[in-house]
Amino acid sequence: FPSHDREGVHFFTASSPEEVRRIVETTPPERWAAMSAACREWWRIYASAEGLFRLTQARIEQCRPYFNVGIPTKFLM
């Protein structure tokens, strides 16, 4: 799976209302379109039903070596 969301690719960060205004006013339409496409791709991979299923399946496979390793003796009666 690709890396998680990234500033400047999927979102902007602003520390004040003035900075938000500057970003909105100076970002060209092509950049908004590219960011929108990147966000849709992120959603497809991480948040769609299919993406969540694949992500969950991958995480289960990563944890599989730790399944069924037995019950620690301190929990046995």
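The values are calculated or read from the model by the stated rules, or taken from the named source; none is laboratory data. It should be emphasised that the depicted structure is a prediction, and the values quoted were computed from it without experimental measurement. For neighbour counting, all protein chains shown are included, and Cβ atoms are generated from backbone atoms with ideal geometry for every residue, glycine included. SASA here: full protein model, heavy atoms, side chains in, ligands and nucleic acids out. Shrake-Rupley method; radii C 1.70, N 1.55, O 1.52, S 1.80 Å.
Some observations on this one:
- Candidates are the residues of the stretch 22-36 that are in a helix (DSSP H, G or I) and polar (S, T, N, Q); the one that is surrounded by the most Cβ atoms within 10 Å (Cβ to Cβ) is S36.
- Search result, residues across the stretch 3-12 that are open to solvent by 70 Å² or more (accessible area, probe 1.4 Å) and not charged (D, E, K, R): H4, F11
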